[in-house]
Amino acid sequence: RLAGEEALPVVQDEVMSVFGDYVKLYVDLMQRIQRDVGSEALNLDNDHGNPDAVQGQTDYLNYRRDNDPARPMLKSLYGEEWTEKLIGEILFRDIQ
């Protein structure tokens with residue numbers, strides 16, 4: 001565990017370097033996905049795409065929607081109606 005004067009140089013040099021690499025990789029991934037979606041190379045349509053991928057994504061969304069760990073905190077801060085709308089319609093909206 002880093003503490004005191006030793007911590008700042010490690011964070012400024014090593015952690016920020018790794019974080020910068022991560023951000024570059026993430027941006028590159030998002031650009032590639034956008035190209036694939038735009039060219040229709042990535043298609044989640046049940047009639048033309050991969051039905052197993054669609055079912056897997058649907059199962060994941062349903063699981064996350066039902067078991068979101070932030071639900072109690074969000075409910076206490078914003079109320080049940082707002083929280084359920086956020087979780088169900090924005091964060092984990094159905095892809096169908």
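The values are calculated or read from the model by the stated rules, or taken from the named source; none is laboratory data. Predicted model, so just to flag it, every value in this text is computed and none were measured. Note: ideal-geometry Cβ built from the backbone for every residue, glycine included; neighbour counts use all protein chains shown. The protein model used for the area step is the full one, side chains on, heavy atoms only, and it has no ligands, DNA or RNA in it. Shrake-Rupley method; radii C 1.70, N 1.55, O 1.52, S 1.80 Å.
ASN43 falls short on exactly one of the conditions (1) open to solvent by less than 80 Å² (accessible area, probe 1.4 Å); (2) at pLDDT 80 or above, and that condition is (2). Within region 1-13, residues that are in contact (Cβ under 8 Å) with a residue 60 or more places away in the chain have Cβ atoms under 7 Å from residues that are assigned to a helix (DSSP H, G or I) and open to solvent by 100 Å² or more (accessible area, probe 1.4 Å) in no pair, counting only partners at least 6 apart in sequence or on another chain.
For the structure I just gave you, tell me whether VAL37 is within 21 Å of the chain's Cα centre (by Cα) and at pLDDT 85 or above. Against the criterion (within 21 Å of the chain's Cα centre (by Cα) and at pLDDT 85 or above), VAL37 does not qualify. Looking for something among the small types (Gly, Ala, Ser), loosely packed, with under 11 Cβ neighbours inside 10 Å and either assigned to a helix (DSSP H, G or I) or modelled with pLDDT under 80 (or both) - is there at least one such residue anywhere in region 17-25? Within region 17-25, one or more residues are among the small types (Gly, Ala, Ser), loosely packed, with under 11 Cβ neighbours inside 10 Å and either assigned to a helix (DSSP H, G or I) or modelled with pLDDT under 80 (or both).
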